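The values are calculated or read from the model by the stated rules, or taken from the named source; none is laboratory data. Treat the numbers as computed from the prediction; the structure is a model and nothing was measured. We place every Cβ from the backbone using ideal geometry, glycine too, and count neighbours over all the protein chains shown.
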Amino acid sequence: MIDSREEGQGPRNALLDVLNRRPALRRPMWFMRQAGRYLPEYRAVREKAGSFVNLCYNPELAAEVTIQPLRRYDFDAAILFADILVVPHAMGLPLKFEEGEGPVLGTVRSMNDLDALKPVAGSFEVRKVCETVRLTRSLLAQDKALIGFCGAPWTVASYMVAGGSSDRVQAKVAAYQRQPWFMALIARLVTESIDYLSAQADAGAQVVQIFDSWAGDLVGSELDDIVLKPIAAIVEGVKARHPGLPVIVFARGIGLNQPRAAAIPGTSAIGIETETDLASLPRDIVVQGNLDPVALFAGEEVARREAVRVCGGVDRQRHIFNLGHGIRLGTDPTVVGAVVDAVRRFDER
Ligand code: CP3
C-alpha cells in the first residue's frame, strides 16, 4: 500500500515521486507549452495584459495562465508561465514579440556586446518571475507540483546571436569556430542560469526543466562542449544550492546521445523528442515524452492511439507522459482532454 501522504509533508505528487524514484500512485503527466494560445482563456488574459512580455512580468496574470490548464485537465504539474528569453532580457537585451512573427531580441555578436550584459540576479525581470512562482505556489492545489525552467545555453545563445528565431546557422558557425566571444557567452549563460533557477527554487519551484530545444543542431565535440557540458555545469551549480531539487534535462533532438544527457550527474529525468523511441532507451533512466504534438491535429482517435503507443513503450514508474515538443498553436483543447483520458485509462487497465 502506498500512503497518499508523506510524513510531515503535503499530499503525494506523482511527478515528484517518479523523479525521486519512489513508487507513484499514477503515471505523471504534463504538457510542454500547456499554457498558451490554443486555450481561449489564455487568449483572453493575454489580451488584457496587452503583450506577451507584459504578461510574463505581471505576476497575477502570469499565475492565472500558469494554473489555467490544470482547471481543464488532470495534469500533475503546472509549469511557470514565462519564456526562455527572460534571461537575455534580464541581461539587458531589448525583447518584444511581434504578432505572428515570434521574438525580436537584441543581438550579441562580439566581446563588446557580451561585456555590456548585466547579471540577472535582482533584476526587475527575475523579481517579477519569482513573484509569479511564489503566487502560483500559493494558489496551486497542494497535490500539484510547480515546475520552473530556463533555456539551455546553446538554445538561448542561438536566439541572442540571431536576434530572434532563425535557422541557427550564424550561431553554429560561431560554435564550430569556437569564437572566444561565443564561448564566453555560453559560460556567462551557465552562471546566469544557475542564479535564475536557484531564485525560482527559492521562490517555490519544486522541479526545474532545462530546455535545449535546438540541442540536436550540434554534433561531435561541439555537442560535448556547447550542449552537454554547459547543461552539466548548470545542474551542478543548481544542485549545490538546492540538493533536493529534481532537474529534468530536455536536450531535444540528440537521439542516440540521450543516455549521455541522462548521465549528467544530478539529472532526475530526460525529456525525449518524438523521433526517438522511448523503448529504445536504457531501462534504468526516467524518461519524459514523447507524443507527437502533430498527432493532436489528426483527430481524437489517432491522438488516443498514439498516446497509448507511447505509454506501452515504457513502464509507468519511470515515465513522465508529455509531448515530444511544445503543444502547437491551433491544437483543439478537446483533443488534449482525449489524450489525458487515454493515458489515465491505459494505466487503469
Ligand atoms: O506553458 C508553458 O510551457 C510555459 C511557458 C513557456 C513559454 N515558452 C510561453 C510562450 C515555456 C516553457 C516556453 C519555452 C520556450 N520559449 C522555448 C523552449 C521550448 C520550445 O518550445 O522549444 C523556446 C524556444 C522559446 C522562445 C519562444 N517563445 C519563441 C520562439 C516564441 C514564438 C513562437 C510562438 O510559439 O509564438 C515564443 C513565444 C511564446 N512563449 C508564447 C508562449 C505561450 C506565445 C506568445 C504569445 O502568447 O503571443
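Below, the figures for the structure above:
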quantity: Answer residue from region 78-97, given it is within 30 Å of Gln179 (Cα to Cα) and not in a loop (DSSP other than H, G, I, E, B) and is modelled with the lowest pLDDT among those; calculated: Phe97
quantity: Complete set of residues in region 207-226 that are within 16 Å of the ligand (Cβ to nearest atom) and buried (at least 21 other Cβ atoms within 10 Å of the Cβ); calculated: Val207, Val208, Gln209, Ile210, Phe211, Asp212, Ser213, Trp214, Ala215, Asp217, Leu218
quantity: Meets criteria (crowded, with 19+ Cβ neighbours inside 10 Å and at pLDDT 95 or above) for Ala240; calculated: no
quantity: Leading residue by the ranking (surrounded by the fewest Cβ atoms within 10 Å (Cβ to Cβ)) among those in region 291-334 that are free of Cβ contacts under 8 Å to residues at least 40 places away in the same chain, out of contact with any helix residue (DSSP H, G or I) (no Cβ under 6 Å at 6 or more places or on another chain) and closer than 27 Å to Gly100 by Cα; calculated: Thr334
quantity: Condition check for Ala232: within 16 Å of the ligand (Cβ to nearest atom), crowded, with 18+ Cβ neighbours inside 10 Å, farther than 30 Å from Gln142 by Cβ and modelled with pLDDT of 95 or more; calculated: no
quantity: Breaking point among (1) more than 19 Å from Leu105 (Cα to Cα); (2) out of contact with any Leu (no Cβ under 9 Å at 6 or more places or on another chain), for Ala205; calculated: (2)
quantity: Given (1) within 14 Å of the ligand (Cβ to nearest atom); (2) of a type outside the set (Lys, Arg); (3) farther than 20 Å from Ala203 by Cβ, number of the condition Asn20 does not satisfy; calculated: (1)
quantity: Which numbered condition Phe75 misses (of (1) assigned to a loop (DSSP other than H, G, I, E, B); (2) away from the ligand (no atom under 15 Å from the Cβ)); calculated: (2)
quantity: Filter result for Ile194 (aliphatic (A, V, I, L, M) and closer than 19 Å to Val120 by Cβ); calculated: yes
